[in-house]
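These notes concern the structure reproduced below.
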Amino acid sequence: MNVEELRDYCISVKGASESFPFDEKTLVFKVVGKMFAYIGLEPKDGVFRVNLKCDPEMSVSLREQYQGVIHGTHTKGLMWNRVSLKEDVPDDLIKELINCSINEVIKKLPIKKQEEYRNL
């Protein structure tokens, strides 16, 4: 997956928006005003990496299974993973992880907000 395909997928998500709240080099994707993904637009060592929320137990498993999944940049704990777009993580899994990230965001919202999102 390349960075354009990642952006296209993230912005195609129901209710998704994109912005640059931190600086002009970090693209952030949100649903219901909450961040589910962010990516630096200047690749490190020629590789783009996206940061995604993840269930902590799933994070441990992913980090053990894939070299391209590591602890998220600028985050604490197991809630965020940094996923390489050019290593051993298949495109379909990256899409699945984006969806998981959105689910992590939605499930932490108040019930009323969850319902509003589902009814978009």
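The values are calculated or read from the model by the stated rules, or taken from the named source; none is laboratory data. Bear in mind the structure is a predicted one, so any value in this text is a computation, not a measurement. All Cβ positions, even for glycine, are placed from backbone atoms using ideal geometry, and neighbour counts span all protein chains on display.
Among the residues of region 69-83, what is the count of those that are outside any loop (DSSP other than H, G, I, E, B) and either touching a Phe, Trp or Tyr at 6+ places or on another chain (Cβ under 6 Å) or under 18 Å from residue 36 (Cβ atoms) (or both)?
As a first pass, look at region 69-83 and keep what is outside any loop (DSSP other than H, G, I, E, B): 69-71, 80-83.
Adding the requirement that they be either touching a Phe, Trp or Tyr at 6+ places or on another chain (Cβ under 6 Å) or under 18 Å from residue 36 (Cβ atoms) (or both) leaves 69, 71, 80-83.
Going through region 69-83 one residue at a time, the tally reaches 6.
I'm told residue 88 meets every condition in (1) touching a residue at least 24 places away in the same chain (Cβ under 8 Å); (2) out of contact with any Asp or Glu (no Cβ under 7 Å at 6 or more places or on another chain); (3) surrounded by fewer than 20 Cβ atoms within 10 Å (Cβ to Cβ) except one. Can you identify the failing condition by its number?
Only one criterion is unmet by residue 88, namely (1).
Exactly one condition in (1) at pLDDT 95 or above; (2) part of a loop (DSSP other than H, G, I, E, B) is false for residue 120; which is it?
Condition not satisfied by residue 120: (1).
If we scan region 51-68, do we find a residue that is assigned to a helix (DSSP H, G or I) and of a type in the set (Gly, Ala, Ser)? Full working, then the answer.
Narrowing region 51-68 to residues assigned to a helix (DSSP H, G or I): 56-65.
In the following step, the residues that additionally are of a type in the set (Gly, Ala, Ser) were identified as 59, 61.
Looking through region 51-68, at least one residue is assigned to a helix (DSSP H, G or I) and of a type in the set (Gly, Ala, Ser).
If I ask for residues that are without any contact (Cβ under 8 Å) to a residue 40 or more places away in the chain and either surrounded by 12 or more Cβ atoms within 10 Å (Cβ to Cβ) or closer than 20 Å to residue 116 by Cβ (or both), which ones from region 31-42 would you list? Lay out the reasoning, then the answer.
Taking region 31-42 and keeping what is without any contact (Cβ under 8 Å) to a residue 40 or more places away in the chain, we get 33, 38-42.
If the condition is that a residue be without any contact (Cβ under 8 Å) to a residue 40 or more places away in the chain and either surrounded by 12 or more Cβ atoms within 10 Å (Cβ to Cβ) or closer than 20 Å to residue 116 by Cβ (or both), then 33, 38, 39, 40, 41 are the ones that fit.
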